[in-house]
Amino acid sequence: MAPVEVRPKPVLRSKYCKGCGRCIDACAQGLIERGTDIHPASGLVPIALHPEACNGCGLCVDACPEPYGLVSASLAAELDASEDRRRFPHPRLPAEEVPAARAALPEGRPLVVKGTHAAAIGALLAGCRHFFGYPITPSTEGAELMAKLLPSLGGVFLQAPSEVATVNMMYGCGGAGRPVMTFTSSPGFSLMLEGISYMIGAEVPGVFVDVMRAGPGLGNIGPEQADLKLACRGLGHGNTHAVVLAPATPQEMLDFTMLAFELSFRYRNPVVLLADGHLGEMTGKVTLPAELVRPGEPAWAVSGDAAHRRNLIASILLKETDQEAHNLGLLEKYARMAEGEQRAELFRCEDAEVLVVACTTPARMAKGAVRALRDVGIAAGLFRPQTVWPFPIRSLLPLLGRARRVVVVEASGGQLEDELRLALSHAGASTGVEIQHVRRMGGVLPSQGEIVEAIRGKRSSRKVVAA
Amino acid sequence: MSTFYERFERHDHAAGLKAQSTHYCPGCGHGLAHKYLARAIEELGVQDRTIAISPVGCSVFLYYYLDVGNTQAAHGRAPAVALGHKFANPDSVVVSYQGDGDLASIGLTEIMHAAQLGVPITVIFVNNAVYGMTGGQLAPTTLMGQKTTTSPLGRDRTMGQPLRMAELIAQLDGPVYVERVALFDAKQRVRAAKAIKKALRLQVENKGFSLVEVLSECPTHLHLTPLEAQRWVKESMLPVFPLGVKKDATPTDWGTWQKADFDPDALLEAVGARAPPVPRFCSGFPHGLFGGDIGLKLAGAGGDGAQTAAMLIARAAINEGFDATHIPSYGPESRGGTSYADVRLAQDEVFSPDVPTPHVLVAFNAPSLAKFGLAVAPGGVVVYDSSVVREPPAFDASVRAIGVPCSEIAAELGERKVKNTVALGALQCATGLFPDETFLAAIRQALQGKSKLVAVNEEAFRRGMRAAEGCGADDGWFGWWI
Ligand code: SF4
Ligand code: SF4
Ligand code: SF4
């Protein structure tokens with residue numbers, strides 16, 4: 001007769017037993033029965049185990065849904081041995097932060113490329129080797145260039161089934177600590193907002209290049225600045241913000257995309273780069289930087305190795321006070337962004353009596369208008385936000401002492417003006433500020449001529465009052 | 001120690017019993033699915049490499065328990081998040097854990113496409129035929145006749161019929177392994193544990209996408225005891241959701257994963273910035289021509305080459321160290337519609353890049369000439385294709401209009417499409433914008449790697465120049481277009 005194998009008997013840790021009875025059903029020997037007494041700690045009625053005749057088959061353990069309810073003898077022993085050790089996560093030091101490194105880029109010749117391509121090249125220079133996206137005019141050429149270039153650089157290009165899937169792939173990839181990006185355009189950006197809210201909530205970096213087109217709804221594929229409000233005020237549900245960069249030239253499409261990656265990791269937050277349809281398709285001269293970036297590996301990344309096993313990417317905090325504390329932390333981060341990331345170009349603003357405020361392509365028409373106005377003796381200047389959020393109010397305020405009026409030139413129904421007014425209001429400088437505007441929409445950009453006309457036709461003597 | 005955290009710190013800071021107790025209702029099947037997953041991870045020795053994606057639903061807190069890398073995803077998006085992780089770290093073992101509302105309703109796009117993509121990830125799909133976390137509503141897998149809070153009289157045809165996800169996914173090409181298992185008795189539980197381990201192993205071995213659908217008990221919303229719920233799954237769910245292997249493809253290797261390359265030279269090469277600068281021929285910006293910046297509009301139908309010619313002008317200017325922009329615009333037709341290009345040239349910086357009143361208009365057809373002809377700035381130049389525009393409109397007296405038979409010359413050269421280069425030559429003759437060599441160098445640069453085309457385009461350029469002088473000669477060139 002073969003020796004009977006003596007298998008260790010299971011152990012019931014009764015305070016963790018929920019009394020569901022699944023183990024009762026599992027024991028062919030009928031050694032488990034319903035309990036009768038309420039457990040003082042759990043308030044539930046654990047089962048009663050009669051292990052005397054138990055053969056240690058373990059079927060009851062396999063039937064117990066509680067990890068630490070009915071357990072094997074070996075697990076019970078381990079648990080007993082470590083009962084009073086607080087081992088969460090397992091006693092392991094946090095991963096080390098591997099910072100991004102820079103490497104010299106040999107001098108090449110200037111590129112002559114369109115805005116979307118410049119942004120794609122900027123992403124590659126910033127160390128981005130992961131692209132997820134869904135085709136949408138007029139952003140698609142950026143994605144197409146990534147599809148062409150990434151394989152030769154050992155990168156990943158994946159066309160997602162939708163913008164919703166795109167942003168969630170970015171969430172996973174960014175959560176793994178990789179520089180990740182997408183190109184999209186207004187309707188696609190709308191679809192991504194849910195995911196952007198999750199990225200902000202979970203503090204996941206990622207770069208969104210939104211080549212804005214006319215809306216609302218399907219609108220058309222002409223250039224508009226239709227998403228300023230979304231990017232500055234509406235990044236999904238919750239208390240969200242992200243640095244919103246507003247390039248105006250193909251060169252800035254490259255430079256700001258590189259900057260976007262840097263900021264995205266510095267703040268562990270998505271960064272939005274807003275171009276418009278014209279800027280996306282506009283070809284211009286682009287000079288490459290002196291260095292490229294080799295990405296590091298953040299300590300917080302969920303990257304599938306021992307050092308990072310303790311990490312969690314999540315935006316859910318069930319306990320209200322935890323969630324509030326998290327929000328306060330985010331607000332503090334937004335305050336740091338607002339303090340540290342205001343950027344603007346000032347063109348002939350020193351003595352300007354008419355301050356033209358404009359961003360992306362309309363800012364170039366506005367710049368032309370400023371030069372034309374100067375030619376006819378009007379002291380105009382261009383104030384061009386390069387970050388729309390945070391609005392570069394710090395460099396605007398000193399100009400308001402001299403300026404007689406502010407003219408907001410935009411390709412939207414007042415979305416840039418709203419940002420300006422909010423910024424002025426928060427700075428306590430709104431009272432008495434005279435703000436006029438030149439607006440076009442629907443795929444039409446304000447032309448240099450109409451800006452000049454508008455400004456020449458709308459003289460005002462009211463003084464802009466700065467606090 | 002198991003793959004579960006020893007203390008569930010994330011579970012309400014491990015207060016009291018929560019340190020070692022799940023948030024699941026008594027008898028809930030999720031705990032079992034967690035357990036088999038945890039065991040598979042342990043047995044395959046991949047705890048450090050594993051990344052679990054928690055869904056939305058009752059199992060949203062998977063990350064409370066499983067001691068692996070954790071990411072919590074939005075409702076339905078776990079497969080997309082899983083793919084993001086997998087592409088970020090191909091060595092990681094990524095598990096997308098999802099319930100029926102998550103996977104079969106709101107996340108249908110994500111799961112179907114992830115499955116068809118076939119990338120090695122593992123999906124654990126817990127189907128309990130009802131929405132748990134939101135309080136017992138109709139699920140895409142709710143049975144016909146089953147009462148839920150949103151089908152109070154029982155599911156009927158007006159609410160659609162239950163989706164069989166394992167079968168749906170098994171008929172795709174992407175997955176290597178799909179099985180439906182259950183938890184209602186010891187035999188099923190052994191199978192479930194085995195299936196989960198196999199699904200994980202296929203990923204560890206880089207074979208491909210696998211999915212295990214686990215028929216599970218939600219005693220709470222079935223309003224049954226756990227043991228009654230087990231019976232219900234067996235008796236009511238099985239006829240609709242038959243158990244078994246739905247797909248088990250002979251798994252070949254999914255493929256090799258690329259390794260990111262950050263070599264500066266490789267990057268320069270890829271973006272085409274390696275070549276030496278093109279030589280300069282200009283002594284200065286042609287300020288005298290139109291009194292400052294220069295705006296050009298090139299207009300025609302798709303295929304006329306307006307954009308290519310516009311790019312060539314911009315490139316020529318940039319080669320000379322000036323600034324230039326080019327904005328294309330197209331009609332709504334994806335082929336053959338209108339095609340307009342705005343080009344602006346400036347010594348240092350182009351301000352307004354649009355060209356509403358061009359100094360130079362190149363029109364390839366009559367509608368384009370009609371549309372923009374009258375917008376040409378006083379003192380400007382119009383070049384049009386006189387092969388197709390028979391009756392040019394009357395221009396401002398200060399505008400010089402030059403008709404050149406671009407299409408005919410191109411046809412003579414053997415390739416209709418070089419008519420844009422002919423037009424460029426005519427433009428050059430009329431304006432002397434840059435030295436001829438500037439354009440010829442830009443043509444050669446644009447045709448890098450297509451040296452056969454260089455000659456015919458150079459000739460087209462010269463023919464255009466001569467034609468604009470009224471001295472075009474037929475010397476029978478043949479060739480191609482840019
Ligand atoms: S180990 Fe087997 S015999 Fe012993 S109590 Fe559990 S099921 Fe019964
Ligand atoms: S299966 Fe586990 S939780 Fe349920 S009664 Fe048995 S020991 Fe208790
Ligand atoms: S509601 Fe249902 S699925 Fe959710 S924990 Fe309870 S039993 Fe499990």
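Yes/no matrix, rows are residues, columns are (1) farther than 24 Å from B:Gly208 by Cα; (2) within 34 Å of the chain's Cα centre (by Cα):
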{"residue": "B:Ala104", "(1), (2)": "no, yes"}
{"residue": "B:Gly118", "(1), (2)": "no, yes"}
{"residue": "B:Asn128", "(1), (2)": "yes, no"}
{"residue": "B:Tyr131", "(1), (2)": "yes, yes"}
{"residue": "B:Gly145", "(1), (2)": "yes, no"}
{"residue": "B:Leu153", "(1), (2)": "yes, no"}
{"residue": "B:Arg157", "(1), (2)": "yes, no"}
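Scanning the stretch A:186-216 for residues that are assigned to a strand (DSSP E or B) and away from chain B (no Cβ under 11 Å) yields a total of 8.
How about the stretch A:170-180: which of its residues are in a loop (DSSP other than H, G, I, E, B), facing chain B (nearest Cβ under 7 Å) and of a type outside the set (Lys, Arg)? Walk me through how you get there before you give the answer.
Keep residues of the stretch A:170-180 that are in a loop (DSSP other than H, G, I, E, B), which gives A:176-179.
Narrowing further to those that are facing chain B (nearest Cβ under 7 Å): A:176, A:178.
Within the stretch A:170-180, A:Ala176 is the sole residue that qualifies.
Counting the residues of the stretch B:15-36 that are at the interface with another protein chain (Cβ under 7 Å from one of its Cβ atoms), assigned to a helix (DSSP H, G or I) and farther than 20 Å from B:Ala52 by Cα gives 1.
Would you pick out the residues in the stretch A:25-54 that are of a type in the set (D, E, K, R) and closer than 21 Å to B:Phe184 by Cα?
Let us first name the residues in the stretch A:25-54 that are of a type in the set (D, E, K, R), namely A:25, A:33-34, A:37, A:52.
The answer is A:Asp25, A:Glu33, A:Arg34.
Anything in the stretch B:9-55 that is among the aromatic types (Phe, Trp, Tyr) and in contact with a Pro (Cβ under 9 Å, 6 or more places away or on another chain)? List them, or say none.
Going residue by residue through the stretch B:9-55, those that are among the aromatic types (Phe, Trp, Tyr) are B:24, B:36.
Correct list: B:Tyr24 only.
Please work out which residue is nearest to ligand 3 (Cβ to nearest atom), limiting yourself to the stretch A:1-50 and to residues that are in a loop (DSSP other than H, G, I, E, B) and among the hydroxyl-bearing types (Ser, Thr, Tyr). Don't jump to the end; show me each part of the working.
We begin by selecting, within the stretch A:1-50, every residue in a loop (DSSP other than H, G, I, E, B); these are A:1-10, A:13, A:17-21, A:27-31, A:34-47, A:50.
This time we only want the ones that are among the hydroxyl-bearing types (Ser, Thr, Tyr), so: A:36, A:42.
Values: A:Thr36: 24, A:Ser42: 16 Å.
Out of the qualifying residues, it is A:Ser42.
Being open to solvent by 70 Å² or more (accessible area, probe 1.4 Å) and more than 9 Å from chain B (Cβ to nearest Cβ): is that true of A:Ile32 here? No; evaluated as a whole, the condition is false for this residue.
Look at A:Phe183 and say whether it is surrounded by 20 or more Cβ atoms within 10 Å (Cβ to Cβ), away from every other protein chain (no Cβ under 11 Å) and in a helix (DSSP H, G or I). Here the answer is no, as A:Phe183 does not meet what is asked. Yes or no: the stretch B:51-68 includes at least one residue that is free of Cβ contacts under 8 Å to residues at least 24 places away in the same chain and either facing chain A (nearest Cβ under 7 Å) or touching a Cys at 6+ places or on another chain (Cβ under 9 Å) (or both). No. Here B:Ala411 fulfils each of the conditions (1) within 28 Å of B:Val456 (Cα to Cα); (2) at pLDDT below 95; (3) open to solvent by 10 Å² or more (accessible area, probe 1.4 Å) apart from (2). If a residue must be without any contact (Cβ under 8 Å) to a residue 60 or more places away in the chain, open to solvent by less than 10 Å² (accessible area, probe 1.4 Å) and more than 29 Å from A:Arg213 (Cβ to Cβ), how many such residues does the stretch A:367-404 contain? Residues flagged as without any contact (Cβ under 8 Å) to a residue 60 or more places away in the chain, open to solvent by less than 10 Å² (accessible area, probe 1.4 Å) and more than 29 Å from A:Arg213 (Cβ to Cβ) within the stretch A:367-404 amount to 1. Checking every residue in the stretch A:312-320 against the condition of being open to solvent by less than 10 Å² (accessible area, probe 1.4 Å) and assigned by TED's automatic domain parsing to the domain that holds A:His426 gives zero matches. Using the structure shown, decide if A:Arg364 is of a type in the set (Lys, Arg), within 14 Å of another protein chain (Cβ to nearest Cβ) and either surrounded by 17 or more Cβ atoms within 10 Å (Cβ to Cβ) or under 20 Å from A:Pro270 (Cα atoms) (or both). Taking the combined requirement at face value, the residue satisfies it.
Say whether the condition of being closer than 25 Å to B:Lys187 by Cα and either within 16 Å of ligand 2 (Cβ to nearest atom) or outside any loop (DSSP other than H, G, I, E, B) (or both) is met by at least one residue in the stretch B:281-290. If you could, list the steps in order and put the result at the bottom.
Step one: of the stretch B:281-290, the residues closer than 25 Å to B:Lys187 by Cα are none.
No: the stretch B:281-290 contains no residue that is closer than 25 Å to B:Lys187 by Cα and either within 16 Å of ligand 2 (Cβ to nearest atom) or outside any loop (DSSP other than H, G, I, E, B) (or both).
Can you tell me how many residues in the stretch B:111-136 are closer than 16 Å to B:Leu168 by Cβ and open to solvent by 10 Å² or more (accessible area, probe 1.4 Å)? Total meeting the criteria: 4. Here the stretch B:1-14 is the region considered, the condition is being open to solvent by less than 10 Å² (accessible area, probe 1.4 Å) and touching a Ser or Thr at 6+ places or on another chain (Cβ under 9 Å), and the residue that is nearest to the other protein chains (Cβ to nearest Cβ) is B:Glu6.
Within the stretch A:260-307, the set of residues being open to solvent by 30 Å² or more (accessible area, probe 1.4 Å) and either away from every other protein chain (no Cβ under 14 Å) or under 20 Å from the mean Cα position of the chain (by Cα) (or both) comprises A:Glu262, A:Phe265, A:Arg266, A:Arg268, A:Pro295, A:Glu297, A:Trp300.
Given the condition open to solvent by 20 Å² or more (accessible area, probe 1.4 Å), away from ligand 2 (no atom under 15 Å from the Cβ), within 8 Å of another protein chain (Cβ to nearest Cβ) and modelled with pLDDT of 95 or more, answer yes or no: does some residue in the stretch A:87-110 qualify? Yes, the stretch A:87-110 contains at least one residue that is open to solvent by 20 Å² or more (accessible area, probe 1.4 Å), away from ligand 2 (no atom under 15 Å from the Cβ), within 8 Å of another protein chain (Cβ to nearest Cβ) and modelled with pLDDT of 95 or more. Check whether at least one residue in the stretch B:82-96 is in the same structural domain as B:Thr142 (by TED's automatic domain parsing), over 21 Å from B:Trp254 (Cβ atoms) and either within 16 Å of ligand 2 (Cβ to nearest atom) or surrounded by fewer than 24 Cβ atoms within 10 Å (Cβ to Cβ) (or both), and report yes or no. Within the stretch B:82-96, none of the residues are in the same structural domain as B:Thr142 (by TED's automatic domain parsing), over 21 Å from B:Trp254 (Cβ atoms) and either within 16 Å of ligand 2 (Cβ to nearest atom) or surrounded by fewer than 24 Cβ atoms within 10 Å (Cβ to Cβ) (or both). In the set B:Ala33, B:Ala38, B:Ala19, only one residue is over 33 Å from the mean Cα position of the chain (by Cα), at pLDDT below 95, assigned by TED's automatic domain parsing to the domain that holds B:Glu167 and not β-branched (Val, Ile, Thr); that residue is B:Ala19. Against the numbered list (1) within 21 Å of A:Pro179 (Cα to Cα); (2) within 11 Å of chain B (Cβ to nearest Cβ), A:Met337 comes up short only at (2).
Conditions (1) in a helix (DSSP H, G or I); (2) surrounded by fewer than 23 Cβ atoms within 10 Å (Cβ to Cβ), marked per residue:
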position: B:Leu163; (1), (2): no, yes
position: B:Leu168; (1), (2): yes, yes
position: B:Val178; (1), (2): no, no
position: B:Val181; (1), (2): no, no
position: B:Gln188; (1), (2): yes, yes
position: B:Arg191; (1), (2): yes, yes
position: B:Lys194; (1), (2): yes, yes
position: B:Val212; (1), (2): no, no
position: B:Thr220; (1), (2): yes, yes
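For the stretch B:225-266, a residue qualifies if it is closer than 30 Å to B:Cys25 by Cα and open to solvent by 70 Å² or more (accessible area, probe 1.4 Å), and the qualifying residues are B:Glu228, B:Arg231, B:Lys234, B:Glu235, B:Pro239, B:Val245.
Going through the stretch B:53-71 one residue at a time, which ones are part of a strand (DSSP E or B) and in contact with a Phe, Trp or Tyr (Cβ under 6 Å, 6 or more places away or on another chain)?
Just the residues of the stretch B:53-71 that are part of a strand (DSSP E or B), to begin with: B:53-54, B:66, B:69-71.
Once the filter is applied, which keeps residues that are part of a strand (DSSP E or B) and in contact with a Phe, Trp or Tyr (Cβ under 6 Å, 6 or more places away or on another chain), the stretch B:53-71 yields B:Ser54, B:Asn70.
Filtered by the rule that a residue be within 16 Å of ligand 3 (Cβ to nearest atom) and not in a strand (DSSP E or B), the stretch B:90-123 gives B:Asp100, B:Gly101, B:Asp102, B:Leu103, B:Ala104, B:Ser105. Determine whether the stretch A:51-62 contains at least one residue that is away from ligand 3 (no atom under 16 Å from the Cβ), crowded, with 17+ Cβ neighbours inside 10 Å and facing another protein chain (nearest Cβ under 8 Å). Yes, the stretch A:51-62 contains at least one residue that is away from ligand 3 (no atom under 16 Å from the Cβ), crowded, with 17+ Cβ neighbours inside 10 Å and facing another protein chain (nearest Cβ under 8 Å).
The values are calculated or read from the model by the stated rules, or taken from the named source; none is laboratory data. Not measured: the values here are computed from a predicted model. Methodologically, a virtual Cβ is constructed for each residue, glycine included, from the backbone with ideal geometry; neighbour enumeration extends over all protein chains shown. Ligands, DNA and RNA are excluded from the accessible area calculation, which covers all protein heavy atoms including side chains. Shrake-Rupley method; radii C 1.70, N 1.55, O 1.52, S 1.80 Å.
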